[in-house]
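**Student:** What follows is a structure written as C-alpha cells; I'll ask about it next.
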Amino acid sequence: KGGQKSLYGCHALSVPLPPMTTTAEHLPLARKAMEYFDKSTDPFHAVQTSIEMLKEAGFEEMDEASADVQPGGLYYYTRNKSTLVAFAVGKQYRPGAGFKIIGGHTDSPNLKVKPRSKRSAKSAKSIQVGVECYGGGLWHTWFDRDLSLSGRVFCRKQDGSIEQRLIKIDRAVLRIPNLAIHLQTAEERKAFKINKEDHLSPILAMSAQKALTGKDTEKDDESDNGEKAENGDSDKNDGWTEHQEPLLLQLLASELDIPIQDIVDFELNLFDLQTASLGGVHSEFVHSARLDNLASCYLAVQALIDCVGQEDYLNQDRDISMIILYDHEEVGSSSAIGAAGPVTKEAVKRISAVMNAKEGTVAPYDLYEATIRKSFILSSDQAHALHPNYASKHEKNHQPQMNGGMVIKRNSNQRYATNGVTGVLIREIAHRASLPPVQEFIVRQDCGCGSTIGPLLSTATGIRAIDMGCPQLSMHSIRETMGVCDLTNGLNLFKAFFVHFRAVDDSLEQ
C-alpha cells in the first residue's frame, strides 16, 4: 500500500524490506548500550559513565578506609579512577556467605599520547603528536579516521593542590593519513607493513598557522617565554612543559577553561569520533568502537542495577552481588588495578571481614576460606564470532554465531578458566532461566589461543571462574561489530547469574 517509508521518509521501491520483528524488541537496550559506548572513550570515562548509572540507581560511594557496609546496602568505589568495584549486600547475608562476581575490563587497544608529546621539529610543516601503541590493535584500521582525544588532565589549583579532570574533545583534532597508492610499490601495497613508531604519528595541525589565523605559534611562544622570564616565571623550564607540543597544551587549556601553566600532566587516549550505529537490513548489528570490552562492562552494570531494582531480590539474597571492571587487561593485567593485582582479593577479604565481624564462634580466617569456597567469578570478555570470509580460521564444531547467545570459552591448556564444573553451572543457570543455550568456543589446534582475566583471577583468589562473552567480529579493530540480540542475551544471563547462582551451586555436587 504505497510501499514502506525509508529512514529518510521517502517511499521505498516495489520490494518491501523484510520485517524487523526479530530485532525490534532488542533495539531499546541496544541504543542505551550505544550511548554508553560513545561516552566511554577511555577507562576513566567508562568508570565515570558506569558511576553515573549506579548513582541514579541508589548506589553510594564507599570509603575504603572505613568500609561501613550494611545488609541491603548498595556501594561502589574506584581504584585509579579506571577500575570500578560495585556491589549489593543481600539482606539474608550470613557470615561465610559467598560473592557472585561479574568481571570485565574497561580498557581497549588504542593509541596513547606519549609522556613527552612534542614530536615535530620547529622547521616541520606538519605538527604531529607522539603516540604509543597500547595493547594489540589492528593498527591499519586507525588510518584515515577522524580522531580525537580523551582521558584525564592533572591541574594545579590556586591553593597549590592538584586535581584530576576528565576531558573528552568531541571534534576531529587528529588524523593518521594513509600514503597515496601512487607513492607505494606493488610490494608495499600488498604487504601494508606499518612501522608503529614512524607511521602512526597523527597530525595535529599545520605550521602555516599565521596564514590561517594571523598568528605565528613559534613567535608567540617565544614572546610568551620572554615575557614570563621577565616576570620571573620559570614554568616553561620545569622539566615537563618544554617537552609538550604547545598546540596540544593550548587545546587542553581551552577545553578545560584553565591557564596553560595550570596543566601539570595528562593521560590521553586517541579515539574514533564516529559514534556507534545500528547496521544490517534488520538493524541486527551494532557497529562501534571498543565493544571489546565495553559491551561486557555495560551489561554487568545494567544487570546489577536491574537485579537490585527488583522488589524481593535484596530481601531474599544470601550473598553479595558484585561487579569489578578492571583496567589493563589488554596489556596483561599485571598492575595494581588489573585483574592480576590485589583488587579482587582485597575487596572480598575486606567486605567479608566487615560483614562477618559479628560472628564470634568461628575464626575470621576460617570464615574467609568459607567465603572463597562459596564464591564464583563470571569473567566476561568478548568472544570471536564466525567470520564468513575466514571460516577456515574457526574450529569446525565450535563456531559461535552473532545473535546466537553468549559464548563459553574453553581451553584445556588453561588459557581460559572454564572447566567442567563451572561450565555446567552456567549452562544450568541459563536453563533454569529459560534462556537460549549458550554457545561454545575453542580455537583450532593449529592456531594460538588468546586469554583474558579468568585464569588470573582464579590464581590470585582461589575463586572458581568461567570465561565467556558476547560473540563479535573485528576484535581489536578501531570499529567492531556484534549482534543486537546478544546484548539482550548477555543482560538476561548476567541477571540470571545473580538470581539463580546460589540455588544452582547448592544443587551441584562439588
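The values are calculated or read from the model by the stated rules, or taken from the named source; none is laboratory data. None of these values were measured; they are calculated from a predicted model. All Cβ positions, glycine included, derive from the backbone under ideal geometry; neighbour counts span all protein chains shown. The protein model used for the area step is the full one, side chains on, heavy atoms only, and it has no ligands, DNA or RNA in it. Shrake-Rupley method; radii C 1.70, N 1.55, O 1.52, S 1.80 Å.
**Student:** Would you report the distance distribution of C-alpha pairs in the stretch 470-510 as whole percents per 10 angstrom bin, up to the bin with the largest distance?
**Tutor:** Percent of pairs per bin, in order: 25, 31, 25, 16, 2.
**Student:** Name the aspartates and glutamates eligible as straight-distance cross-link partners of K91: C-alpha to C-alpha under 14 Å, and not fewer than 8 places from it in the same chain.
**Tutor:** E311, D312, D317, D319
**Student:** For the residue pair D366 and E187, what label-to-label distance in nm results when each label sits 7 Å from Cα along the Cα-to-beta-carbon direction?
**Tutor:** Modelled inter-label distance: 7.3 nm.
**Student:** Here is a further query. Run the numbers on the stretch 67-113 and let me know its relative contact order in percent, using alpha-carbon pairs under 8 Å that are six or more apart.
**Tutor:** On the way: 31 pairs, mean separation 14.5, N = 47.
Reported as a whole number, the value is 31 percent.
**Student:** What part of the accessible area of the stretch 360-483, given as a whole %, is carbon or sulfur when the probe is 1.4 angstrom?
**Tutor:** Numbers: 2850 of 5640 Å².
Roughly 51 percent, rounded to a whole number.
**Student:** Further, regarding this structure: At 222 nm, what value in deg cm²/dmol follows for the chain if DSSP H runs of at least 4 each add -39500 (n - 2.57) and the sum is divided by all its residues, to the nearest 500? Before the final figure, lay out each step's value.
**Tutor:** Numbers: 14 runs with 159 residues, N = 510.
Helices in the chain give a 222 nm mean residue ellipticity of -9500 deg cm²/dmol.
**Student:** Could I ask something else about it? Can you tell me which of 179-192, 286-299, 383-396 comes out highest on packing, and rank the rest after it, using the mean Cβ neighbours within 10 Å?
**Tutor:** On the way: 179-192: 9.1, 286-299: 26.9, 383-396: 14.0.
For the peptides 179-192, 286-299, 383-396, the packing ranking is 286-299, 383-396, 179-192.
**Student:** On a full-extension model of 0.36 nm per residue, what is the gain between K125 and R171, subtracting their alpha-carbon distance, rounded to one decimal in nm? Don't skip to the end; give the middle numbers.
**Tutor:** Numbers: separation 46, 0.36 × 46 = 16.56 nm, distance 2.23 nm.
Result for the pair: 14.3 nm of gain on full extension.
**Student:** How much net charge surrounds F441 when only the other residues with a Cβ under 9 Å from the Cβ of F441 are counted, with Lys and Arg +1 and Asp and Glu -1? Mind showing how you got there, number by number?
**Tutor:** On the way: positive: K409, R410; negative: E395, E440.
Counting the neighbours of F441, the net charge comes to 0.
**Student:** On C-alpha positions alone, give me the angle between the axis of helix 246-256 and the longest principal axis of the chain, in degrees, nearest 10.
**Tutor:** Relative to the chain, helix 246-256 is tipped by roughly 50 degrees.
**Student:** Further, regarding this structure: Suppose we keep just the alpha-carbon trace of the stretch 21-91; what are its Rg and Dmax in angstrom?
**Tutor:** Cα-based Rg and Dmax for the stretch 21-91 come out at 15.0, 51 Å.
**Student:** If you take every residue apart from D327 with its C-beta less than 12 Å away from the C-beta of D327, what net charge results, scoring Lys and Arg +1 and Asp and Glu -1? If you can, show how the numbers build up before the last one.
**Tutor:** Values: positive: R79, K81; negative: D42, D107, E267, E329, E330.
Result for the local shell: -3.
**Student:** In the stretch 37-150, carbon and sulfur make up what percent of the accessible area (probe 1.4 Å)?
**Tutor:** Details: 1930 of 4330 Å².
Carbon-and-sulfur percentage of accessible area, whole number: 45.
**Student:** Oh, and also: Between Q164 and T141, what is the label-to-label distance in nm when each label sits 7 Å out along the Cα-to-Cβ direction?
**Tutor:** Each label point is offset 7 Å from its Cα along the Cβ direction, giving 2.8 nm.
**Student:** Relative to the longest principal Cα axis of the chain, at what angle does helix 291-308 sit, 0 to 90 degrees, rounded to 10?
**Tutor:** Result, in degrees: 50.
**Student:** Now, a different point. Label S507 and A65 with points 7 Å out from Cα along Cα→Cβ: what is the distance between them in nm?
**Tutor:** The answer from the label model is 4.7 nm.
**Student:** Now for a different question. Let me know the shape class of the stretch 300-352, please: from the alpha-carbon gyration tensor, a ≥ b ≥ c as square roots of the eigenvalues, rounded when a/c is under 1.5, otherwise prolate if a/b is greater than b/c, or oblate. Don't skip to the answer; put the middle values down first.
**Tutor:** On the way: a/c = 5.27, a/b = 1.92, b/c = 2.75.
Judged from the Cα gyration tensor, the stretch 300-352 comes out oblate (a/c at least 1.5, b/c at or above a/b).
**Student:** List every residue whose amide H lies under 5 Å from the amide H of M402, counting only residues 5 or more places away in sequence or on a different chain, with H placed 1.01 Å from N in the peptide plane.
**Tutor:** Close amide H contacts, sequence-distant or interchain: L386.
**Student:** Just need the relative contact order of the stretch 377-510 here, percent rounded to a whole number, with Cα pairs under 8 Å and 6+ apart. Intermediate results must be reported in sequence, preceding the final value.
**Tutor:** Working: 230 pairs, mean separation 49.6, N = 134.
For the stretch 377-510, the relative contact order is 37 percent.
**Student:** Could you provide, to the nearest whole Å², the per residue accessible area of the chain with probe 1.4 Å? It would help to have the intermediate numbers written out before the result.
**Tutor:** Numbers: 24550 Å² over 510 residues.
For the chain, the per-residue accessible area is 48 Å².
**Student:** Next question. Starting at the first residue of the stretch 463-477, write each ³J(HN,Hα) from the Karplus equation 6.51 cos²θ - 1.76 cosθ + 1.60 with θ = phi - 60°, in whole Hz, x for Gly and Pro.
**Tutor:** Going residue by residue, I get 8, 4, 8, 9, 9, 7, x, 7, x, 8, 10, 6, 4, 6, 7 Hz, with x marking Gly and Pro.
**Student:** Compute the angle between helix 27-39 and the longest alpha-carbon principal axis of the chain, please, reported from 0 to 90 degrees and rounded to the nearest 10.
**Tutor:** In the chain, helix 27-39 runs at an angle near 50 degrees to the longest axis.
**Student:** Calculate the dipole size of the stretch 73-169 relative to its Cα centre from +1 charges on Lys and Arg beta carbons and -1 charges on Asp and Glu beta carbons; express the result in debye to the nearest 20.
**Tutor:** Working: 18 positive and 6 negative charges, 59 e Å.
With only Lys, Arg, Asp and Glu charged at Cβ, the dipole is about 280 debye.
**Student:** Enumerate the calculated ³J(HN,Hα) couplings along the stretch 333-348 in order (Karplus 6.51 cos²θ - 1.76 cosθ + 1.60, θ = phi - 60°), each rounded to whole Hz, writing x wherever the residue is Gly or Pro.
**Tutor:** 6, 8, 7, 5, 10, x, 5, 7, x, x, 4, 5, 4, 5, 5, 5
**Student:** Let me ask something else. Express the carbon and sulfur contribution to the solvent-accessible surface of the stretch 260-338 as a percent, rounded to the nearest whole number, probe 1.4 angstrom. Mind showing how you got there, number by number?
**Tutor:** Numbers: 1120 of 2500 Å².
Solvent-exposed carbon and sulfur of the stretch 260-338 make up 45 percent of the total.
**Student:** Related question: For S477, what is the net charge nearby, where nearby means another residue's Cβ is under 15 Å from its Cβ and Lys, Arg count +1, Asp, Glu -1? Numbers along the way, then the final one.
**Tutor:** Details: positive: R145, R290, R479; negative: D144, D272, D292, E330, E480.
Local net charge: -2.
**Student:** What is the magnitude of the charge dipole of the stretch 378-510 about its Cα centre, with +1 placed on the Cβ of each Lys and Arg, -1 on the Cβ of each Asp and Glu, and no other charges, expressed in debye to the nearest 20?
**Tutor:** About 140 debye.
**Student:** Holding the Cα-Cα limit at 24 Å, pick out from K168/K495; K55/K112; K190/K396; K168/K193; K118/K196; K32/K374 the pairs that are longer than that. Working shown, then result.
**Tutor:** Working: K168/K495 32 Å; K55/K112 30 Å; K190/K396 29 Å; K168/K193 31 Å; K118/K196 17 Å; K32/K374 34 Å.
Going by Cα-Cα distance, K168/K495; K55/K112; K190/K396; K168/K193; K32/K374 fall outside the 24 Å limit.
**Student:** How many angstrom lie between the Cα centre of the stretch 60-114 and the Cα centre of the stretch 133-181?
**Tutor:** 28
**Student:** If ligands, DNA and RNA are left out, what is the accessible area of E163 with a 1.4 Å probe, given in Å² to the nearest 10?
**Tutor:** Rounded to the nearest 10, that gives 70 Å².
**Student:** Using alpha-carbon pairs under 8 Å, 6+ residues apart, how would you state the relative contact order of the chain in percent?
**Tutor:** Values: 989 pairs, mean separation 113.9, N = 510.
Value for the chain: 22 percent.
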